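**Student:** Pasting a structure here, questions to come.
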Amino acid sequence: MKVNLQLTSKSRLSLSLIAVLTTIFALLMSQPVQAKVVHQERSMYRNILVEDTGNLRCLKFNVKSHKTNQSCFLKSEPNRLVFNYTKLLFSGLLVNPNPERILIIGLGGGTMSNTLHQLFPTARIENIEIDPAVIKVARQYFDFFENDIVTSQAKDGRIFIKRAKMKGEAYDWIILDAFNGDYIPEHLMTKEFLQETKDLLTDNGIVTANTFSVSKLYDYESATYQAVFGDFYQVKNKKNENRILLAGKKALPQKAALEANLAAMHDRLKPYGVNILQVFDSMTFDKDWQQDSSVLTDQYSPANLLNQ
Amino acid sequence: MTFRGQNLFIYLLAFTSGFSIMGVELLGGRILAPFFGSSVHIWGSIITVFMLSLSIGYLIGGKLSTRNANLFRYGLIFLVAGCLVMPIAYFANPIMEAIFLQIEDSRYGSLVASMALFFFPTIVLGMISPYSVRLLVTSKEESGQIAGILYFVSTLGSALGTIITSFYFVLYFEVNDIITAFSLILVFLGLAAITLGRKQLASQAAQEPVDQHGKKSQNNASNEVIHES
């Protein structure tokens, strides 16, 4: 017995050694191409970096952390969405399959705008980005496409939404994807802001917001969305730290009611690398946050302090 | 003339005013954001208005200190400052909404809003530093040193007001509660200075020379003029 055990532990040791070596080797092989900085600039708001790793081009804010990838696309297949969270955003189409007016707050590389324009060539798409330098970089390095109906403006998202409401505008789909270096700016997380956003929706209009799942803010953020929209879908991917919140002006239908669109949507979205069946599977009405969490307001929004 | 610990009391008041000025300025960014956003020019507007008001406040405070400077009047400045800070909490939204509707460009919108909200209270808060120097200085030789200590104390207050407000207060309190607290503290300190100042004036009056006919002399200043000639 004893001898046997020893042998086993020895062989275990060598096995794990082999495993470690293989992993290192695999890691080395999987990154044969060094990331190359294509463009770098310091804007009024941040350091902007465009990096090429082989075929993959990424937009980064600030340099040190790896978490700061804002937008990526494959140079050979610019239509294919690379980022997981952008794919999750398409859950919105199961609720509202034909948006005619789309508002995107937070441009990044403009990949979402490009994809939506191809999907809905007649839809009006407005991109709002606070940093003019990001718009410039999107145009220059990410093939960000603009025409009469696909536009961009360098503005603060909150101001744009307030003014748009005053002008009587309404949108079928509002995508909230504004990030500064750390997280979503504080004034774009409050109950008042979400109420303004909700007021800007058409009757069947929806909001999809890109958030992170791992932070103390999770509970506060969830409670705030609940307070404004009532029940909302969470769309998460287990591999990912992103969580999409999908909410509507009206109460959202149960999942069973969304299945009708699924097959048609699957074929439409496939060319863009979006597997809507997977996205559908990860949609949930679960309330997995602390129910007594306080709501973030313009008066109380220590968002970025909590996000640590 | 002065009570024991008066200088310490004045330094404490100057510290508190420094603390409040920067606390309010920091919250200014928060207050403006819902209407004017968080673009870089928001801070441009806020800082411009604070610097402008402080500069005007220094000028007025210095001028005021040349005539009958006393603790009573010093307290009045705090009282007025406290009362002017209060509306930031209670009327900011309607004021900003009106400006938002009138001015489309958020640069000038935020500048006008900062003026409307912070211009007057900060002018009055700015008056405190030169007035403090006047109350503290007793001789020409020490005036520079006193001014140095005063700037040290009030600017240290500003530093702490900035960090404590941004690191901790916003975590535990609503913006309006913090503003209200600043306002009440200023009012309270003002009332304290007014009370002490009145006592001082009363005892001063009792000590004033009485002439043959039993009337008090009109005022010290006119006496001094006579001596000078």
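The values are calculated or read from the model by the stated rules, or taken from the named source; none is laboratory data. Given the structure is predicted, the values throughout are model-derived calculations rather than measurements. We place every Cβ from the backbone using ideal geometry, glycine too, and count neighbours over all the protein chains shown.
**Student:** When the residues of the stretch B:97-135 are filtered to those that are out of contact with any Ser or Thr (no Cβ under 9 Å at 6 or more places or on another chain) and in a helix (DSSP H, G or I), which remaining residue is surrounded by the fewest Cβ atoms within 10 Å (Cβ to Cβ)?
**Tutor:** Going through the qualifying residues, I end up with B:GLN102.
**Student:** Taking B:SER38 as meeting all but one of (1) part of a loop (DSSP other than H, G, I, E, B); (2) away from chain A (no Cβ under 14 Å); (3) of a type outside the set (Asp, Glu), write down the number of the exception.
**Tutor:** Here B:SER38 clears every test but (2).
**Student:** Go through (1) in contact with a Pro (Cβ under 6 Å, 6 or more places away or on another chain); (2) surrounded by fewer than 20 Cβ atoms within 10 Å (Cβ to Cβ) one by one and return the number of the condition B:GLY61 breaks.
**Tutor:** (2)
**Student:** Is it true that some residue in the stretch B:3-21 is among the aromatic types (Phe, Trp, Tyr), under 18 Å from B:SER132 (Cα atoms) and at pLDDT below 95?
**Tutor:** Yes: one or more hits.
Results for (1) surrounded by 15 or more Cβ atoms within 10 Å (Cβ to Cβ); (2) within 14 Å of chain B (Cβ to nearest Cβ); (3) without any contact (Cβ under 8 Å) to a residue 40 or more places away in the chain; (4) under 30 Å from B:TYR108 (Cα atoms), shown as yes or no for each residue.
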residue: A:ASN55; (1), (2), (3), (4): no, no, yes, no
residue: A:LEU81; (1), (2), (3), (4): yes, no, no, no
residue: A:LYS87; (1), (2), (3), (4): yes, no, no, no
residue: A:LEU116; (1), (2), (3), (4): yes, no, yes, no
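**Student:** Right, something else. Please tell me if B:LEU32 is surrounded by fewer than 22 Cβ atoms within 10 Å (Cβ to Cβ), assigned to a helix (DSSP H, G or I) and touching a Ser or Thr at 6+ places or on another chain (Cβ under 6 Å). Can you show your working first?
**Tutor:** Numbers: surrounded by fewer than 22 Cβ atoms within 10 Å (Cβ to Cβ): no; assigned to a helix (DSSP H, G or I): yes; touching a Ser or Thr at 6+ places or on another chain (Cβ under 6 Å): yes.
Answer is no for this residue.
**Student:** Which count do you get for residues in the stretch A:110-150 that are aliphatic (A, V, I, L, M) and within 14 Å of A:ARG57 (Cβ to Cβ)?
**Tutor:** Residues that pass the stated criteria total 2.
**Student:** Here's something else I'd like to know. Restricting to helices (runs of 4 or more DSSP H) lying wholly in the stretch A:128-208: which have 1 or more residues that are among the polar types (S, T, N, Q) and away from chain B (no Cβ under 14 Å)?
**Tutor:** Per the criteria, A:132-141.
**Student:** Given the options A:VAL137, A:VAL150, name the one that is out of contact with any Phe, Trp or Tyr (no Cβ under 8 Å at 6 or more places or on another chain), over 21 Å from A:LEU246 (Cβ atoms) and surrounded by 24 or more Cβ atoms within 10 Å (Cβ to Cβ).
**Tutor:** Details: A:VAL150 fails: surrounded by 24 or more Cβ atoms within 10 Å (Cβ to Cβ).
Of A:VAL137, A:VAL150, the one residue that is out of contact with any Phe, Trp or Tyr (no Cβ under 8 Å at 6 or more places or on another chain), over 21 Å from A:LEU246 (Cβ atoms) and surrounded by 24 or more Cβ atoms within 10 Å (Cβ to Cβ) is A:VAL137.
**Student:** To continue, here is another question. Scan (1) in a loop (DSSP other than H, G, I, E, B); (2) surrounded by fewer than 17 Cβ atoms within 10 Å (Cβ to Cβ); (3) modelled with pLDDT of 90 or more for the single condition A:GLN299 breaks and write down its number.
**Tutor:** The failed condition is (2).
**Student:** Tell me whether the stretch A:227-250 contains one or more residues that are modelled with pLDDT of 95 or more, part of a helix (DSSP H, G or I) and buried (at least 18 other Cβ atoms within 10 Å of the Cβ).
**Tutor:** Yes; the residues of the stretch A:227-250 include at least one that is modelled with pLDDT of 95 or more, part of a helix (DSSP H, G or I) and buried (at least 18 other Cβ atoms within 10 Å of the Cβ).
**Student:** Moving on. Just for the stretch B:35-58: of the residues that are among the aliphatic types (A, V, I, L, M), within 20 Å of the chain's Cα centre (by Cα) and surrounded by fewer than 23 Cβ atoms within 10 Å (Cβ to Cβ), which one is nearest to B:LEU101 (Cα to Cα)?
**Tutor:** Going residue by residue through the stretch B:35-58, those that are among the aliphatic types (A, V, I, L, M) are B:40, B:42, B:46-47, B:49, B:51-52, B:54, B:56.
Now drop any that are not within 20 Å of the chain's Cα centre (by Cα), which leaves B:46-47, B:49, B:51-52, B:54, B:56.
Subset that is surrounded by fewer than 23 Cβ atoms within 10 Å (Cβ to Cβ): B:47, B:51-52, B:54, B:56.
On the way: B:ILE47: 23, B:MET51: 26, B:LEU52: 25, B:LEU54: 28, B:ILE56: 29 Å.
Filtering first and then ranking leaves B:ILE47.
**Student:** Also: What number of residues in the stretch B:66-79 are buried (at least 18 other Cβ atoms within 10 Å of the Cβ), β-branched (Val, Ile, Thr) and over 13 Å from B:SER20 (Cβ atoms)?
**Tutor:** Number of matching residues: 0.
**Student:** Buried (at least 17 other Cβ atoms within 10 Å of the Cβ) and at pLDDT 95 or above: does that describe B:ILE178?
**Tutor:** Judged against the criteria, B:ILE178 is a match.
**Student:** Looking only at the stretch A:97-109, count how many residues are surrounded by 20 or more Cβ atoms within 10 Å (Cβ to Cβ), touching an Asp or Glu at 6+ places or on another chain (Cβ under 6 Å) and assigned to a loop (DSSP other than H, G, I, E, B).
**Tutor:** Count: 3.
**Student:** Take the residues in the stretch A:25-77 that are over 23 Å from A:ASN180 (Cα atoms) and of a type in the set (Ser, Thr, Tyr), then tell me which one is modelled with the highest pLDDT.
**Tutor:** Here the residue is A:THR53.
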